[in-house]
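Please treat every number below as a calculation from the coordinates, not as lab data. Fair warning: this is a prediction, and the values are worked out from it, not measured in the lab. Reconstructed Cβ throughout: ideal geometry from the backbone, glycine too, with neighbour counts over all protein chains shown.
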């Protein structure tokens with residue numbers, strides 16, 4: 001065989017390994033699978049088992065101090081607003097606009113906006129005569145306004161609906177620096193004596209309003225007046241055409257005010273929540289520009305289904321829905337909507353029959369999950385029944401529970417510590433907060449919203465933590481804004497390394513048991529290739545100390561059809577009470593994916609973690625064309641363009657260089673000493689048994705040392721071929 005052929009085989013083998021480990025990263029359950037949802041006609045439940053919310057400290061005592069909440073940064077309200085509070089006469093409200101990094105406060109008829117991260121860049125609008133009731137930020141429709149109007153700010157009062165233009169300093173490198181509110185409104189509409197409690201701007205630029213009369217309204221605007229329609233007008237989507245000729249004061253139905261509107265932009269569905277807890281579903285059509293009523297469910301029906309499912313006598317657990325959150329298509333194909341009650345119970349809904357991709361046609365409660373505190377071993381602490389604010393996004397749940405008039409307890413419930421499970425397993429922590437929480441949201445970095453929306457699936461945090469920064473959540477209170485960082489698993493590993501100031505110790509050993517050698521070794525490589533030399537040194541030490549060693553596995557029984565051992569025999573076996581939660585490495589068969597009929601070398605967590613980390617680095621471009629063709633319609637010329645931004649490639653190139661430098665600097669440690677030492681371990685004739693399996697006639701003709709060297713060469717070749 002020529003050198004070129006040998007090199008091609010080595011590269012093909014290395015590429016096959018990367019493929020297999022990338023596939024293994026995709027082996028995680030959809031949210032509906034984790035919650036065992038099997039039908040839109042059945043409702044099941046969870047949250048009452050110790051496995052749902054395990055106590056980490058009881059399983060791994062040395063990890064008791066590992067942080068589940070990171071740094072908390074507090075920014076007081078701007079001093080100007082504190083003075084304005086003293087002059088308040090009627091009404092005040094607060095909220096967040098994370099897309100533009102702004103908090104807002106209304107005091108009577110004036111609205112103030114400022115940067116919630118530093119308390120600066122204060123802007124205000126005081127051109128209204130009546131109390132502001134609702135506020136909403138809207139991305140405008142294309143082609144309607146001039147380019148400098150980046151957003152619309154919709155304000156409602158008891159008598160009118162006002163839409164303002166929002167612009168920013170175009171010369172700044174920060175796209176949201178120096179916010180400006182246009183002094184004159186773009187549109188003003190009469191509210192027809194209907195107070196609006198909430199405003200929602202959709203991704204297509206539509207403006208919906210939640211009426212206190214229980215109706216869903218829309219402000220329709222266009223670039224210019226039409227023959228039969230004004231440039232801006234209001235539509236009531238909850239009444240028939242008769243409403244245009246019958247005055248609203250002749251309505252004989254009991255009003256149930258709408259208090260929240262939620263859009264699912266991944267499916268183009270609109271949800272409403274009423275003050276009494278009724279949930280309604282509207283179909284916005286495939287293009288997001290239509291609207292038709294689909295279904296609704298009253299709170300009484302929801303409570304009855306919950307009680308029948310959970311068999312709990314206390315019905316108040318399910319009363320009082322305080323928040324709706326969407327579940328995007330990338331997170332679950334089956335589950336579409338999450339409702340949170342004042343006791344912290346989560347209610348999961350679907351809008352389509354099981355397994356169907358059609359437009360929404362129903363509203364069905366399919367799962368009920370109790371909060372922490374209802375399992376046999378955890379009955380001391382519960383978030384409810386005083387939860388008054390809730391927030392959910394990408395698996396992370398935040399609850400604000402009142403402890404006093406000016407003091408809250410913040411609960412964070414999150415599954416990132418337990419990825420790749422076959423059921424939903426979550427960690428939880430609570431944090432005392434001074435002040436009453438008015439609003440909660442997640443900080444959105446530039447480009448993050450588009451990146452998340454483009455994903456077809458949302459993998460666990462361990463898969464993306466090498467490129468995604470820690471998630472940050474904003475809590476807006478009367479004392480200002482609090483920004484809570486949620487540490488990634490790799491941040492928790494760094495915390496342990498910095499506490500122990502070494503790569504050894506019981507805490508690190510338990511961390512490797514918790515995540516498994518493969519995942520923990522991959523995390524060590526993230527830190528070992530970072531600029532912080534001290535942490536990199538400790539991470540390197542932990543990688544070689546706790547990453548495990550390769551070892552032989554001898555089949556005790558033949559697999560199917562007598563073809564050797566079953567592939568399941570070569571997967572990692574539980575080594576601790578919690579290791580059933582550990583993701584097993586991909587089953588590779590033989591060294592090149594061929595069936596194994598003899599002894600198998602179970603490669604170490606160090607090796608598997610190395611391939612896993614490399615596969616994650618290469619994921620963005622592994623299965624995507626590096627170049628794209630752009631054709632000039634006029635000349636017909638075809639231009640070949642890079643599919644990736646130069647900065648993306650520069651960052652990836654630097655990460656790969658750092659990983660190669662790590663291997664070059666530590667190549668002396670990539671040996672098979674432990675394999676060699678097993679010649680003295682039980683069974684004593686390990687090499688004779690290995691030779692027996694490797695020879696077709698079962699008769700050993702080679703020495704154990706030669707076999708050992710052959711295995712070592714294969715191991716080194718496989719590792720080096722990747723680079």
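For the peptides 471-478, 647-654, 609-616, the ranking by mean Cβ contacts within 10 Å, running from highest to lowest, is 609-616, 471-478, 647-654. Computed on segment 375-522, the Cα convex hull volume stands at 159 Å³ per residue. Remark: the Cα gyration tensor places segment 250-340 in the oblate category, a/c being 1.5 or greater and a/b not exceeding b/c.
For segment 272-326, averaging the sequence separation of C-alpha pairs within contact (under 8 Å, six or more residues apart) and dividing by the residue count gives a relative contact order of 28 percent. Both radii come from the Cα set of segment 285-400: Rg as radius of gyration, Rh as Kirkwood radius; their ratio Rg/Rh reads 0.99.
Shape class of segment 111-161 from the alpha-carbon gyration tensor: oblate, with a/c at 1.5 or above and b/c at least as large as a/b. Counting every other Cβ atom within 10 Å of each residue's Cβ, 188, 306 order from fewest to most as 188, 306.
For segment 54-97, dividing the convex hull volume of the Cα atoms by the residue count gives 167 Å³ per residue.
Arranged from fewest to most other beta-carbon atoms within 10 Å of their beta carbon, 297, 523 become 297, 523.
Can you grab the distance from the C-alpha centre of segment 24-59 to the C-alpha centre of segment 261-282, Å, no decimals? Result: 25 Å between the Cα centres. Oblate is the label for segment 75-179. Its Cα gyration tensor axes, ordered a ≥ b ≥ c, give a/c of at least 1.5 and b/c at or above a/b.
Ordering 644, 21 by the number of other Cβ atoms within 10 Å of each residue's own Cβ, fewest first, gives 644, 21. In segment 358-490, Cα pairs under 8 Å separated by at least six residues give a relative contact order of 17 percent.
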